[in-house]
Amino acid sequence: GGFGYFGTRNLIFKNGDLRLNFLAPNGRIWVQASHGQVTGPDTSGPYPGFSFDDSEPLWGDELDAPVRWKNGKNLAELVGSGVRLEFKLVQAQIYAVHADFNIHYGDPIISRI
């Protein structure tokens, strides 16, 4: 119960498909896609259209629910860019994040499934 928040490392998505396995029958989950590497004042915070406020909330009990933002946006717009996913939860649990990406720790990029 209650509120929760967590974020990922810098990820470089290979496609726009992002899915969650979660449990939130009485709660909600919001997802934000932020700039993965901060290089200046214009590259901090969420990408335009990918903030928590733009996130379509998820609820219920899902094994493979797609993550979407307003106007049908998904991560296809951010393929090849550094993205840090952030999750805001209210009375919810996330069990798995399904996506095809590379993890960017610095140099070099390490492939993961």
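The values are calculated or read from the model by the stated rules, or taken from the named source; none is laboratory data. Here the structure is a predicted model, which is why all the values come from computation and not from measurement. So basically every Cβ, Gly included, is an ideal-geometry build from the backbone, and we count neighbours across all protein chains shown. Side chains included, ligands, DNA and RNA excluded: accessible areas come from the protein's heavy atoms. Shrake-Rupley method; radii C 1.70, N 1.55, O 1.52, S 1.80 Å.
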Take the conditions under 21 Å from TYR5 (Cβ atoms) and open to solvent by less than 70 Å² (accessible area, probe 1.4 Å) and apply them to VAL83. Does it pass?
yes
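For the stretch 57-87: of the residues being part of a helix (DSSP H, G or I) and touching a residue at least 40 places away in the same chain (Cβ under 8 Å), which is nearest to the chain's Cα centre (by Cα)?
From the stretch 57-87, those part of a helix (DSSP H, G or I) are 70-72, 75-78; that's our starting set.
Still in the running and touching a residue at least 40 places away in the same chain (Cβ under 8 Å): 75-78.
Working: LEU75: 9, ALA76: 12, GLU77: 13, LEU78: 11 Å.
Top of the filtered list is LEU75.
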Note down all Cβ pairs under 8 Å where the first residue falls in the stretch 88-113 and is surrounded by fewer than 17 Cβ atoms within 10 Å (Cβ to Cβ) and at pLDDT 90 or above, the second is in a loop (DSSP other than H, G, I, E, B) and not acidic (Asp, Glu), and they're at least six residues apart or on different chains.
VAL90/GLY2; GLN91/GLY1; GLN91/GLY2; ASP100/ILE113
Determine the pairs where a residue that is under 10 Å from LEU58 (Cβ atoms), located within the stretch 1-30, has a partner that is of a type in the set (Val, Ile, Thr) and open to solvent by 30 Å² or more (accessible area, probe 1.4 Å) with Cβ atoms under 7 Å apart, the partner being 6 or more residues away or on another chain.
LEU20/ILE94; LEU20/VAL97; PHE22/ILE94; GLY27/VAL90; ARG28/VAL90; ILE29/ILE94
Given the conditions (1) modelled with pLDDT under 95; (2) open to solvent by less than 80 Å² (accessible area, probe 1.4 Å), which single one is not true for ARG9?
(2)
